[in-house]
Each structure stands twice: as C-alpha cells, then as structure tokens.
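Single-structure report; data block below.
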Amino acid sequence: MIEEVGPPSDRDGDDMAFTSEFETMGVASSRWRRGLAVAREEGSLALLGGGLILVILLLAIVVPILSPFESTGQNLIGRLQGPGWTNADGLTHWMGTDGLGRDVLTRVFVGARYSILISFVAVAGALLVGTTIGLIAGFRGGLIDDALMRLVDLQLAFPLVLLALALVALLGPSLTNVIAVFILTGWPVFARTIRASVLSLKKRDFVEAARALGGSDTRIMLRHILPNSLGPLTVVATFELAKVLIFESSLSFLGLGIQPPTPTWGNMMSDGRAFLDSAWWVMLFPGATLVLAAAASNWLGDGLNSIVDPRLRRR
C-alpha cells in the first residue's frame, strides 16, 4: 500500500535548515580537529616564527617602560659609546649610544612599536579591503568580476616600491599616510587569493545546499565561503607582514616614513650610515632586529603554509 506524502511543512524546512547548520558545524569542528593534529606534526617552524614575534612584541612593550633612558633624550658627552658603556650616573647602555648620545636599546624597541604597529594595521586594512573585493568578484562573476580583476591587474602592473614612494611623496610622510599607502598597495594580493578560493568553493555541495535553503548571498559568502578561505588568507597575511616591515623601514631609511626624532628601525639605520666604520652598533642592532622580525614572519608563514597545504607536508 502506497502511503501519501504531503508537502513539507514549515517545521520540516526548519528541521532541514537546522540539520544543514548542524552538519556545517560538524564539518568545521572535524576540520579544526584535523588541523590541530597536523599542526602538532608540522607546526614547529610556525611555532618558532610566532614565538619570536611574540618575544619582540613583549620586549617592545616592556623595555621602554623599564628603561631609565628616554628614546629622544640626548647626551652629547656620551655620544657614540659602545655596547655595555656605563655613564657617569652608573646607568649602562647595553647597545651603546648613537650620534646624539641616545640609548640605542631603548630606541630599537620604541621603534619596534611603530614598525610593528604600522605593519599590523596596514596588513589588517589591506586584508579587509582585499577580502571584500575578492569575495564580491569571485561570487558575483561576470562583468563585476572582470572589472574588479582588471583593477587588480592594473595596480599590480606598477612596481610596488615605486608606487609606495610616489604615494608617500604625494601625501606626505606621516604615520597615517604610511599606513594608508600600504593598504592601497597591498589589497590586490588578498583580493586575488580570496577570489581563487571563492571560485573553487561556490559550486561545492554545501554552498548549493545553503542556497537551496534560502540563504542570502551575503550569508553564504560570510557564513560558508569565507570561513573555508581563512587558511590561505592567514598564510598570505604573514608573508605580507614581513614585506610591509621591510618596506616601512625602507621608506623611513629614505626619509619618507615617520620623521625623526621618533625612532623607527629604518630611520635609525639611516642615522647609522655615517658611523658604520666607527660605530657599527648604531646601525647593526636596529637592522638585526628588523631582519629577525621579518624572518620570523616568513617562518610563521612557511609553517602555516605547510599546515594548510597537504602537498607541502612531510611524508
């Protein structure tokens, strides 16, 4: 005997929606568990890079607070003294003094505050702008995708350093303008990354199921596609962090970044050029800290990339 089945009720629709959400959460939870298992095996490089970044951040917070010296305090009598020199007050300059008698250790980690602040804010801003544009381009497709991607191609056609130099020269050197320049020059990388993920995800079964259940485009992009694209975006962000650290220091070295007497690694190295043969520490310590911070960001990115991409894992 054939039993009649009536049309699904609203309650059935709610149950289907709940089931879909529950299954999505289950898949996400399973993915995170697998990710943690892989991270324990492949994450040693990421742990090293992340640990070094945290150490530099901690020192940038603590050293200027505990230091008995002001970052802009001058002492011409004690200028260009080597690492470990103790002044008349019995205070030791562990990294020596610069051409104006300022404590290099204090200036290195005050400069770290500015350099890292600029890099984090610039990468976060570029990530937000690029992700928004890439999501829309990849999900909508058609003329919108073509127009936005041609804009990306146009900007990527310009050499990044020359474009940054031109924008800073036009807007003027300041903290806000430097951050704005890096956001304007950095978003295309994130846009292309998220667009590639969207193109591969928007035809997947879970996206089609969400659309069949009446999910809006915005909800599908933010609730289903974006969370599955966070891995590649995070990897790109760590590499971009290292790049912005170096570019910011390059601008400051050329006198187009934050202006003295506020210390940054770039303008400290610029000041140390004149004393490279007689007072090597003035340029060495900010330069070495910059190299270490950039290398740590790259190590973090490499480690995260090994976790995210199965093809790069150790066999």
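Report the FRET efficiency, 1/(1 + (r/R0)^6), for residue 66 and residue 234, where r is their Cβ-Cβ distance and R0 is 41 Å, rounded to 0.05.
Working: r = 33 Å, r/R0 = 0.80.
So the FRET efficiency works out to roughly 0.80.
Please give the contour-minus-distance gain from residue 205 to residue 100: 0.36 nm per residue of separation, less the Cα-Cα distance, rounded to one decimal in nm.
31.2 nm
Stretched out fully, how many nm does the piece from residue 277 to residue 120 gain, at 0.36 nm a residue minus the Cα gap?
In short, 53.1 nm is gained.
Arranged by the count of other C-beta atoms within 10 angstrom, fewest first, what order do 277, 103 take?
Fewest-to-most Cβ neighbours within 10 Å comes out as 277, 103.
What is the order of 284, 91, 154, fewest Cβ neighbours within 10 Å to most?
On the way: 284 17, 91 13, 154 10.
Starting with the residue having the fewest Cβ neighbours, the order is 154, 91, 284.
What FRET efficiency comes out for residue 77 versus residue 250 if R0 is 35 angstrom and r is the Cβ-Cβ distance? Round to the nearest 0.05. Show your work: numbers first, answer last.
Details: r = 33 Å, r/R0 = 0.95.
That pair, residue 77 with residue 250, gives E of 0.55.
Evaluate E = 1/(1 + (r/R0)^6) for residue 85 and residue 128, where r is the Cβ-Cβ distance and R0 equals 35 Å; express this FRET efficiency to the nearest 0.05.
The calculated FRET efficiency here is 0.15.
Would you order 189, 291, 62 from fewest to most other beta-carbon atoms within 10 Å of each residue's own beta-carbon? Present the calculation step by step, with values, prior to reporting the outcome.
Working: 189 21, 291 14, 62 11.
The most exposed by this proxy come first: 62, 291, 189.
No lab work stands behind these numbers, since they all come straight from the coordinates. What you see is a predicted model, and the numbers here were worked out from it, not measured in a lab. Cβ coordinates were reconstructed from backbone atoms using ideal geometry, including for glycine residues, and neighbour counts include every protein chain displayed.
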